[in-house]
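Let me begin by presenting the structure, written as structure tokens, before commenting on it.
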Amino acid sequence: MRVLQWICCPVCGNKTRLQIQADTELKNFPLYCPKCKQESLIDAKNFQITVIRGLNVKGKNLLTEYPV
Ligand SMILES: [Zn+2]
């Protein structure tokens, strides 16, 4: 089973339209949130999200599991 994770907006916590899988790597990726219309800059690797620019609520889970 392939597992995808939705990336949540670091600003408002809403689910964005971006999904990643375990081997997805993002570097300086501009993550746009359709809800609060903020853009954050993130890195992603091994389901770990690092917020480079933008609000980062510490300890907040930025991924939502989405089994396919
Ligand atoms: Zn947002």
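Read-outs: derived from the displayed coordinates by stated rules, not from any lab. It should be emphasised that the depicted structure is a prediction, and the values quoted were computed from it without experimental measurement. Cβ atoms come from the backbone with ideal geometry, glycine included; neighbour counts cover every protein chain shown.
Looking at the stretch 12-27, I want the residues that are of a type in the set (S, T, N, Q) and have a partner that is loosely packed, with under 15 Cβ neighbours inside 10 Å with Cβ atoms under 6 Å, at least 6 apart or on another chain. Which pairs are those?
Filtered contacts from the stretch 12-27: N14/K35.
How about the stretch 1-61: which strands (runs of 3 or more DSSP E) wholly inside it have at least 2 residues that are within 16 Å of the ligand (Cβ to nearest atom) and at positive phi?
Strands (runs of 3 or more DSSP E) meeting the threshold: none at all.
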